[in-house]
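Worksheet for the structure shown next.
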Amino acid sequence: MYKWLVFTHVLGVFGFLFAHGAAGAVAFKLRGEREIERIRALLDLSRGSAAVANASLLVLLAAGIAAGFMGNWWGQYWIWATLGVLVLISIAMLVVGSGPLIRLRQLVQPELVRSKGAPHPTPDAVTEQQLDVMLAGIHPVLLTVIGGGGLAVILWLMLFKPF
């Protein structure tokens, strides 16, 4: 049963990386886009892949936590450090990655993102300068370093169990 949990955990990782890779590709592509319709399509792709990534994240977490109990790993520090790194990666990705995309969505897809009392420009009223400012706020290389570096640390912790 333990091997099946580890298998499910790794399968969840693959699903997460596959789906989340689409969002990463979108972040790189968005920086060079200036056509509103293409930006909307890329944002839709990013949003669509997020559902699969989030479901895969839940699978990998559930299987990993269950495997942690079956393997009696919860008394060791490496598993706690792994969870801590995952939480830090998630927070950093939300701050650095999601914030700029949400603001860009508010600019080019105001009909989809309504907040109470806040006026939204019509897509026709979006200026090149507004678009440049929003797109400049997207940092795909930094996101890649945070996500890739963090995953490398998690992999190291899980394989070598240093403490």
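Just so you know, all these numbers are worked out from the coordinates, no wet-lab data involved. Predicted, not measured: the structure shown is a model, and the values here were computed from it. Because the Cβ atoms are built from the backbone with ideal geometry, glycine has one as well, and the counts that use them run over all protein chains shown.
Only one of these conditions is not met by Ile39: (1) in contact (Cβ under 8 Å) with a residue 24 or more places away in the chain; (2) closer than 21 Å to Tyr2 by Cβ. Which number is it?
(2) is the only condition that Ile39 fails.
Tell me which of these Gly68 doesn't satisfy, since it passes every other one: (1) touching a residue at least 40 places away in the same chain (Cβ under 8 Å); (2) crowded, with 16+ Cβ neighbours inside 10 Å; (3) over 30 Å from Lys29 (Cβ atoms).
(1)
Only residues that are aliphatic (A, V, I, L, M) and over 20 Å from Asp44 (Cβ atoms): list them for region 1-25, please.
Narrowing region 1-25 to residues aliphatic (A, V, I, L, M): 1, 5-6, 10-11, 13, 17, 19, 22-23, 25.
Of everything in region 1-25, those that are aliphatic (A, V, I, L, M) and over 20 Å from Asp44 (Cβ atoms) turn out to be Met1, Leu5, Val6, Val10, Leu11, Val13, Leu17.
Listed residues Ile36, Ile65, Ile79; which is within 29 Å of Val141 (Cβ to Cβ) and not small (Gly, Ala, Ser)?
Every option except Ile36 fails the conditions.
So which residues in region 25-43 are closer than 24 Å to Val145 by Cα and charged (D, E, K, R), if there are any at all? So that I can check it myself, show each step before the final result.
Residues of region 25-43 that are closer than 24 Å to Val145 by Cα, as a first pass: 25-33, 39, 42-43.
If the condition is that a residue be closer than 24 Å to Val145 by Cα and charged (D, E, K, R), then Lys29, Arg31, Glu33 are the ones that fit.
Could you please find all residues in region 72-94 being exposed (fewer than 12 other Cβ atoms within 10 Å of the Cβ) and assigned to a helix (DSSP H, G or I)? First the steps, then the outcome.
Just the residues of region 72-94 that are exposed (fewer than 12 other Cβ atoms within 10 Å of the Cβ), to begin with: 72, 74-75, 87, 91, 94.
Passing the criteria: Val87, Ile91, Leu94.
List pairs: first residue in region 145-156 and free of Cβ contacts under 8 Å to residues at least 60 places away in the same chain, second residue of a type outside the set (Val, Ile, Thr) and not in a helix (DSSP H, G or I) anywhere in the structure, Cβ distance under 8 angstrom, at least six positions apart or on different chains.
Trp156/Pro162
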